[in-house]
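Read the structure below first, then the notes.
FYI, it's all coordinate maths here, none of it is from the lab. Remember, it's a predicted structure, so these values are computed and weren't measured experimentally. Here Cβ is always computed from backbone atoms with ideal geometry, including for glycine, and neighbour counts include all displayed protein chains.
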Amino acid sequence: MIKMYQALIILIFFLGSSMSGPLWGQNVCYKTFKPRPVFFKKPLVTSPLTGEVFVDAPLTVPSLIEAYRNGIFPWVDNGDHIQWYSPPHRAILEFSDFRINKTTQKIIKNSPYRVSFDENFIGVINASADASRGNQGPTWISKNFINAYIELHKLGYAHSVEVWEGSKLVGGLYGTFIKGVYFGESMFHFKDNTSKIAFVALIEHLKTRGLKWIDTQEMSPLIQSHNSKMISRREFIRRIKKAQLENLTYQ
């Protein structure tokens, strides 16, 4: 009887060791619990007034890509917490409505400046931060934002337009291009009208890539002067999902 119990114990130990071996570990790690970062789980909980998304997501390349693909963008960096937004209404510019008034046409025609694309992204985002800081006090383009968007740029998701006076950067803008949609972020000018020149150059470039509209997040005097409009969050998300199926590229 004792020998039978000993044999049973040995059998149980053998089976337990087999189940904890490599095959069992692979099933757990690679099938049941395969890592998959999801920062913005649906349904999203948002403020009905501001559109703030109540989520604790880091400011990283994966979270930024996921956010933009779902119509969300970061705006405020509180140091240990990033505030994300999906406004109830969004400003966009449809290229079929895009108009350049005669004054701007004359400015572009007689411009002494040179325009480039992705030639100095770091210079543009730092200048945008400086311009924002000068106009509004503390800027929302923090060091964390700058580092995160530089990484996006290195991977081909963030792009800039530069306006040069000789070798001096005097105007420009930057934004992200993710899954067929261009999301405008910020612009600056150190010389009159240079942000307008950069914006028109961007629109003309995006037209050549097959895009039909651009996200501008909020309505500003410059954007409004080009016949932009506000649409609902639902319509904005619908447009994003449609654009993601068109396989458009920035370059």
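Can you give the FRET efficiency to the nearest 0.05 for Glu119 and Ser220, using r as the Cβ-Cβ distance and R₀ = 35 Å? About 0.90, to the nearest 0.05. Could you list, in their original order, any pairs among Lys143/Lys191; Lys179/Lys242; Lys109/Lys212; Lys179/Lys212; Lys42/Lys212; Lys154/Lys191 whose Cα atoms are separated by more than 19 Å? With Cα atoms farther than 19 Å apart: Lys143/Lys191; Lys109/Lys212; Lys42/Lys212; Lys154/Lys191.
Arrange the peptides 195-204, 160-169 so that the one whose residues have, on average, the most other Cβ atoms within 10 Å appears first. Walk me through the numbers on the way to the answer.
Details: 195-204: 20.9, 160-169: 18.0.
Sorting 195-204, 160-169 by mean packing, highest first, produces 195-204, 160-169.
Peptides 98-110, 218-230 ranked from most to least packed by the mean count of surrounding Cβ atoms within 10 Å: 218-230, 98-110. The ranking of Ile141, Ile231 by Cβ neighbour count inside 10 Å, starting from the fewest, reads Ile231, Ile141.
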